[in-house]
Amino acid sequence: MSTITSPALVLNADFRPLSYYPLSLCSWQNSIKSVFLKRVSIIENYDQEVHSPSISLLLPSVIALKDYIMPQRKPAFTRFNVFLRDNFTCQYCHDRFSANELTFDHLIPRCLNGKTSWNNVVSACTSCNLKKGRRLLKYTHLKLLKEPLRPSSMQLQNNGRNFPPNFLHESWRDYLYWDTELQN
Ligand SMILES: [Zn+2]
């Protein structure tokens with residue numbers, strides 16, 4: 001990996017990643033800036049060095065915030081978070097899809113005054129969405145995988161762990177799977 005693309009994994013002050021999905025990463029330039037501003041501590045380094053006329057520095061591969069950021073109690077009701085709650089799985093055919101292949105489906109259709117809310121919106125693939133149409137579930141052959149509920153931030157974080165990015169530097173692993181490592 002070249003210097004240009006070596007990002008640092010960003011941990012909260014409790015040494016857990018700020019976010020699993022998308023994984024909290026920071027460019028090496030911003031990591032070094034934050035180190036000098038004393039906002040973060042360097043936990044692990046890459047072997048690569050950066051030089052300036054006066055100093056040379058190993059690039060940080062894992063940094064931790066000095067001040068703890070409280071996770072949001074109530075996650076925002078966004079498309080992404082609905083998909084993440086449902087593990088990017090169509091709630092009718094139970095297959096997993098990428099975000100751009102999934103749609104929102106209203107359990108109680110909008111034409112019947114169904115709300116756009118955590119309890120009435122589920123992830124559905126285009127094909128199931130078409131099959132369901134503007135009908136109530138009981139008038140279709142589709143079976144709902146899971147009753148939709150408002151997730152906690154913790155649930156979303158946990159679901160995010162199922163989607164590791166393509167690149168994971170070895171120095172990150174201890175911090176990413178910290179809980180599971182302890183359980184094993
Ligand atoms: Zn489907």
Residue match in the stretch 62-84 (condition: within 16 Å of the ligand (Cβ to nearest atom) and either buried (at least 20 other Cβ atoms within 10 Å of the Cβ) or not basic (K, R) (or both)) | yes
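Every residue, every condition in (1) at pLDDT below 90; (2) of a type outside the set (S, T, N, Q), yes or no:
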{"site": "R73", "(1), (2)": "yes, yes"}
{"site": "T78", "(1), (2)": "no, no"}
{"site": "N81", "(1), (2)": "no, no"}
{"site": "R85", "(1), (2)": "no, yes"}
{"site": "Q91", "(1), (2)": "no, no"}
{"site": "R110", "(1), (2)": "no, yes"}
Picked from the stretch 85-116 (must be among the hydroxyl-bearing types (S, T, Y) and under 13 Å from L145 (Cβ atoms)), the residue farthest from the ligand (Cβ to nearest atom) is T89
Considering the stretch 138-174, residues that are within 15 Å of the ligand (Cβ to nearest atom) and surrounded by fewer than 15 Cβ atoms within 10 Å (Cβ to Cβ), and then whichever is farthest from L107 (Cα to Cα), we arrive at H141
Breaking point among (1) without any contact (Cβ under 8 Å) to a residue 40 or more places away in the chain; (2) aliphatic (A, V, I, L, M); (3) away from the ligand (no atom under 16 Å from the Cβ); (4) touching a helix residue (DSSP H, G or I) at 6+ places or on another chain (Cβ under 9 Å), for V50 = (1)
Is at least one residue of the stretch 8-25 open to solvent by less than 20 Å² (accessible area, probe 1.4 Å) and more than 17 Å from the chain's Cα centre (by Cα)?
-> no
Index of the failed condition, S123 passing every other in (1) more than 16 Å from H141 (Cα to Cα); (2) open to solvent by 10 Å² or more (accessible area, probe 1.4 Å); (3) near the ligand (Cβ under 10 Å from one of its atoms) = (2)
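The values are calculated or read from the model by the stated rules, or taken from the named source; none is laboratory data. Small disclaimer: the values here were computed from a predicted structure and weren't measured. Counting neighbours? That spans all protein chains shown, and the Cβs are built from the backbone with ideal geometry, glycine included. Note: areas computed on protein heavy atoms with side chains; ligands, DNA, RNA excluded. Shrake-Rupley method; radii C 1.70, N 1.55, O 1.52, S 1.80 Å.
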